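Chemist: One structure, as structure tokens, below. Some questions next.
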Amino acid sequence: MPRVQTSIPELDEMLKGGFMQGDAVMLAGSAGTGKTTLALQYLVNGVTRSREPGIYVTFEQLPDQIYRDANNFNWDLRKMEEENKFRLICTSPELLLEADGGENLLDAPIKEIHPRRIVIDSLSHLEMYIAEKEMRKEAYRLIMYLKTKDLSSLLIWETPQIIGTSFSVTEVGMSFLVDCIIILKPVEIQSSMRKALAVLKMRGSDHDKRLREFDITPAGIKVMPPFTDYEGIMTGSPRKSLTNEAAKAWASAFGRKSK
Ligand SMILES: Nc1ncnc2c1ncn2[C@@H]1O[C@H](COP(=O)(O)OP(=O)(O)O)[C@@H](O)[C@H]1O
Ligand SMILES: [Mg+2]
């Protein structure tokens, strides 16, 4: 089964090679956790490392702001657009939701650049425009449309805050529609705010179940080793695992003795 590499090495490792081709992936997290950054990096890496053109659809930001933010990571989106490898679409959810809205908006860029990847920033934004009951149906329609166009999609879902593993009703509804879910969440460890990433589900594939620390660096998202010695990170109140602490105490006690 071909994989779609994010080219973020540790993330690809967690995904056993990358996303499955054509899958709809939900990228969930609260504001400021790095969703937009990760999504842009996925598209930019697609262009520069996998020869896979991509489309970025946003309801949240203006073009200038996106070009500028991307430039800060050394991602030249304008150049990619000129080379027909990238398209930035800033639009309103209403347009996408109109009958055939998806097609109207996306058909031309699809013909022009033959994209393999797409990001919707954000799917949760649609919630403001449609009743909760309609949300699932509209999201389903959109996801299916993207699949018929052979696009591997990254659908951003902004959550108030992910506490533990609990999701809202809509999020639970959404989670059945997507093939893979990645969450980004802030964690407080020893009085400092850090960030964690986890693959919650991946249909049809094994994946890393551990929570891994990540950081937003000037070169983009960098994933670090798993938080092996912390418990309770998902519940938001991590503490160093007792066994680990005990083991360290024992080790240092023995270390001293043997000297
Ligand atoms: N060029 C940069 N270098 C390092 N960190 C950055 C850079 N640009 C943004 N960030 C960090 O990324 C955070 C926002 O990330 P973003 O992807 O916009 O989050 P989200 O889309 O989840 O709201 C900022 O709060 C900031 O800490
Ligand atoms: Mg964002």
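No value in this document is a laboratory result; all are computed from the given coordinates. What you are looking at is a predicted structure, and each value in this text was computed from that prediction instead of being measured. Positions of Cβ are backbone-derived with ideal geometry, glycine not excepted, and every protein chain shown enters the neighbour counts.
Chemist: In the neighborhood of Phe214, defined by Cβ-to-Cβ distances under 15 Å, what is the net charge if each Lys or Arg adds +1 and each Asp or Glu adds -1?
Modeler: +1
Chemist: Just order 25-36, 57-68 by mean Cβ neighbour count inside 10 Å, highest at the front, would you?
Modeler: Answer by packing, highest mean first, reads 25-36, 57-68.
Chemist: Could you sort the peptides 184-190, 14-20, 150-156, 197-203 by per-residue average Cβ neighbour count (10 Å cutoff), highest mean leading?
Modeler: 150-156, 14-20, 197-203, 184-190
Chemist: For Ala39, what is the net charge nearby, where nearby means another residue's Cβ is under 10 Å from its Cβ and Lys, Arg count +1, Asp, Glu -1?
Modeler: With Lys, Arg at +1 and Asp, Glu at -1, the neighbours total +1.
Chemist: Okay, next question. Report the full-extension gain for the segment Arg78 to Ile216: residue separation times 0.36 nm, less the Cα-Cα distance, to one decimal in nm. Show your work: numbers first, answer last.
Modeler: Values: separation 138, 0.36 × 138 = 49.68 nm, distance 2.22 nm.
That works out to 47.5 nm of additional length.
Chemist: Kindly rank 44-53, 204-213 from highest to lowest mean number of other beta carbons found within 10 Å of each residue.
Modeler: 44-53, 204-213
Chemist: Calculate one ³J(HN,Hα) per residue across the stretch 215-221 by plugging θ = phi - 60° into the Karplus curve 6.51 cos²θ - 1.76 cosθ + 1.60, and present them in order as whole Hz with x for glycine and proline.
Modeler: Result, ordered by residue: 9, 9, 10, x, 9, x, 6 Hz.
Chemist: Right, next: Roughly speaking, what is the stretch gain from Asp64 to Tyr129, that is 0.36 nm per residue apart minus the C-alpha to C-alpha distance, in nm to one decimal?
Modeler: Additional length available on full extension: 20.9 nm.
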